[in-house]
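Asks: Sharing a structure here in structure tokens format.
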Amino acid sequence: MSEVKRKRYKKKRYFVPITIVILLIVIRLSLPFFLKNYVNKVLADIPGYYGQVKDIDLSIIRGAYTIHGMYLNTVNANTEIPFLDFKQTDISIEWNALFHGRIVSEIEMLEPTIIYVFEDQQQDTTGQANTEDWSKALTNLVPIDINRLTIENGKFAFLQLQADPNIDLNLSNVQLTASNLRNVIEKTRTLPSNIQATATSIGNGNVVLKGDMNLVKEIPDMDITFSLENANAKALNDFTNYYAGIDFDEGSFDLFGELAIADGYLKGSFKPILKNAKLIGKEDGFLKTLWEGFVGFFKFVLKNHKQDTLATKIPIEGDLNSVKTKVWPTVTRIFRNAWIKAYKGVIDDDLNYQDATEGADKLKEKRP
């Protein structure tokens, strides 16, 4: 082979791999741009909503991409407060699941905020802004099934700005972990997925939620407990003042709940407890003081004086399409707390998944 042909051969030999490398680099640099346009298009196509993302980072080695600054709001919103505001969302392959023969994803969300502004949500007279639409659209941003979800320092809030005073009910510092959502492991369990969460409520109450679920079903089965302890009752004044015309000078508020769902049949209960509560303030007007005195009288009659608590237990049961609170048991349980025994400040743990299963079986028997 001549020297000239040898040089040409060397040039051709290096040309192909160099071209491939350059092409891969161009694709790698372009992918975040195309991903960002794709995500923005998905958000723009959600009926009744509009949204955008600031930036997207791609990590091919981890099999992941990170969405920065994603927000979503209703089209007809009167405020500039985003309905969804996700500071950083990392979506990646869950490598541990590969050992079980499944390709699934995990999501880690940093400081996600969901703020439900009452007035904004009421502005949609066309019925276009549908929860199912935006939740399905966000799920579609993940190319493979989600098996694990982690939330760090999240915030969930309900705002009613036209109320006087404004109502702001919120949970802050939300820490949540939900695992095995696609039933990769522990396939023989009825409720294979686990969820655990903690948060801080208004009034600095301590919130704990834990339980098991089966999200593979269209209507998820679950067995969950919930507790809110030691929240300052005065923090509820904006809410109770607007809806009931009362406020608290002092006291604390607890809430304990259990919830089970089996085959679309729900059974549960909520137990609110007021401790050491005082209603009437010194500077209240006459009519307001009269109303608070009226409420305070019944509070006195229905409280447990030894433990200074006002409590009841609210049962809820039925088909998920027609769930309703049972009023009479609620009333009788108020008197039970007042005159028989005070409810303990703990989750009763007298409800389980089997109770919901029995309810579901009875419902099936009644159906034609």
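Asks: Take K282 and decide whether it is among the charged types (D, E, K, R), under 20 Å from D348 (Cα atoms) and either at pLDDT below 65 or in a strand (DSSP E or B) (or both).
Replies: no
Asks: Cβ-Cβ below 6 Å, separation at least six or inter-chain, first residue in the range 193-208 and surrounded by 19 or more Cβ atoms within 10 Å (Cβ to Cβ), second in a loop (DSSP other than H, G, I, E, B): which pairs?
Replies: Within 6 Å, the pairs are S193/N180; S193/L181; S193/L215.
Asks: Please give the number of the condition L236 fails out of (1) touching a helix residue (DSSP H, G or I) at 6+ places or on another chain (Cβ under 8 Å); (2) closer than 19 Å to S172 by Cα.
Replies: Against the list (1) touching a helix residue (DSSP H, G or I) at 6+ places or on another chain (Cβ under 8 Å); (2) closer than 19 Å to S172 by Cα, L236 comes up short only on (1).
Asks: Looking only at the range 320-368, how many residues end up being under 25 Å from L228 (Cβ atoms), at pLDDT 65 or above and either β-branched (V, I, T) or assigned to a helix (DSSP H, G or I) (or both)?
Replies: Within the range 320-368, residues that are under 25 Å from L228 (Cβ atoms), at pLDDT 65 or above and either β-branched (V, I, T) or assigned to a helix (DSSP H, G or I) (or both) number 7.
Asks: Out of the residues in the range 219-265 that are among the β-branched types (V, I, T) and outside any strand (DSSP E or B), which is farthest from K275 (Cα to Cα)?
Replies: I219
Asks: Would you point out the residue of the range 94-116, among those that are among the hydrophobic types (A, V, I, L, M, F, W, C) and buried (at least 17 other Cβ atoms within 10 Å of the Cβ), that is modelled with the highest pLDDT?
Replies: The first filter runs over the range 94-116 and keeps only residues among the hydrophobic types (A, V, I, L, M, F, W, C), leaving 95, 97-99, 103-104, 107, 109-110, 114-115.
When the remaining residues are screened for being buried (at least 17 other Cβ atoms within 10 Å of the Cβ), the result is 97, 104, 107, 109, 114-115.
On the way: A97: 74, V104: 84, I107: 92, M109: 95, I114: 92, I115: 92.
Step by step, filter the range 94-116, then rank; the result is M109.
The values are calculated or read from the model by the stated rules, or taken from the named source; none is laboratory data. Treat the numbers as computed from the prediction; the structure is a model and nothing was measured. Here the Cβ is made from the backbone with ideal geometry for all residues, glycine too, and neighbour counts use every protein chain on show.
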